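Only one structure is covered here, and it is reproduced in the block below.
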Amino acid sequence: MKIKKGKDKIVFSILSYTIMSFFVLVCIIPFYLIIIGSFTSDHAIITEGYSLLPKLESFSTEGYQTVFKDPMSIIRSYGVTILVTCVGTTLAILLTTMTGYVLSRQDFEARNIVSFLFFFTTLFNGGLVPWYLLCTNFLHFSNHIYSMILPGMFSVWNMIIAKSFMKGIPYEMVEAAKMDGAGDFRIYWQVMMPMAKPLIATIGLFIALAYWNDWYNCMLFIKNDHLYSLQYSLQNMLNSSEALKRIAALTGRQVQTLPTESTKMAMTIVTTGPIIFLYPFLQKYFVKGLTIGAVKG
């Protein structure tokens, strides 16, 4: 017998879908404006502002023409960013999950002390200058691609998520594997990692986004323009345009400037587009991994 929904359930469903639709629009509209703005002339954006309904006479690809004025530079920067993201994410996942696994083991007596030492670093640190001197004078990060990989390889927050997730895996599985003669690394690799796919997807997305969007380490350590990341390369391009505008304003001369507003929109599409396509492949694991890692102590 089919049970009819009560009025309260119908009202709740309507309100839920309405509120969720509103939040979806709030998330989609800004990105839609960015796409429209990237195909709008710089003059139209400055004089008329951004519009939800683009005008045909305002259509322009000058933003993308500016971004791809030197296509080999963009391709090279893409290659550097992809390499840094892939290598850094892989190493960071291994380091984070290994640490979380060790600290989740009940037979590791010093786990609480070590966990406190990790957590302590999130409250206090030496500051930027000592860290920079350590990286340049002792670790020799200058003009090496690993200077954009090593600083982001470990995050205490991601380690806490990994530790919390692995605590939820029954310890009896570890004991059974040890009785079968498996060592610690084999237990980690063949028992824990296959069961930690939601965790790997969650922290993997966090780490990949951090590497993909990072420009700060490139600014600090890289002087060779062949090793510029995509974000830093485009940032330099935009800064050059802004500098030309300031020169023109101060000198009163006609200096050829680059379209800045449409270029900003085009840069956003170029830099965020590829990483956005990664999310649908991880979505089914992402929510589960995030919630499990968040609620278990």
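Each value in this text was obtained by applying a stated rule to the coordinates, not by laboratory testing. For clarity, every value in this text was computed on a predicted model and none was experimentally measured. Quick reminder, even Gly has a Cβ in these numbers, built from the backbone with ideal geometry, and neighbours come from all protein chains shown.
For this structure, a couple of remarks:
- For the range 63-295, with +1 on Lys and Arg beta carbons and -1 on Asp and Glu, the positive-most of Thr271, Ser240, Phe206 along the dipole: Ser240
- Semi-axis lengths, Å, the range 1-135, gyration tensor of Cα atoms, sqrt of 5 times eigenvalues: 43, 36, 16
- Ordered by the number of other Cβ atoms lying within 10 Å of each residue's own Cβ, fewest first, Ile35, Ile46 fall into the sequence Ile46, Ile35.
- Helical runs assigned H by DSSP (4 residues or longer) give the chain a calculated mean residue ellipticity at 222 nm of -22000 deg cm²/dmol, each run adding -39500 (n - 2.57) before division by the residue total.
- Legend: residue pairs Lys69/Lys223; Lys9/Lys163; Lys55/Lys264, Cα-Cα distance threshold 29 Å; pairs beyond threshold, Lys9/Lys163.
- Projected label distance in nm at Met20 and Arg111, using a 7 Å step from Cα toward the beta-carbon: 3.7 nm
- The convex hull around the C-alpha trace of the chain, projected and averaged over every direction, spans 25.4 square nanometres.
- Potential lengthening between Ile276 and Thr121 on full extension [0.36 nm per residue; Cα-Cα distance subtracted]: 52.7 nm
- The Phe154 and Met219 beta-carbon pair, evaluated with R₀ = 25 Å, returns a calculated FRET efficiency of approximately 0.75.
- Order of Ser73, Ser229 under a 10 Å beta carbon neighbour criterion, fewest first: Ser73, Ser229
- Gained length - Trp131 relative to Phe31, 0.36 nm times residue gap less alpha-carbon distance: 32.4 nm
- Inter-probe distance in nm under a simple model that places probes 7 Å from Cα toward Cβ, at His226 and Asn239: 2.2 nm
- Ranked by how many other Cβ atoms sit within 10 Å of their own Cβ, fewest first, the residues Leu52, Leu209, Leu227 fall in the order Leu52, Leu209, Leu227.
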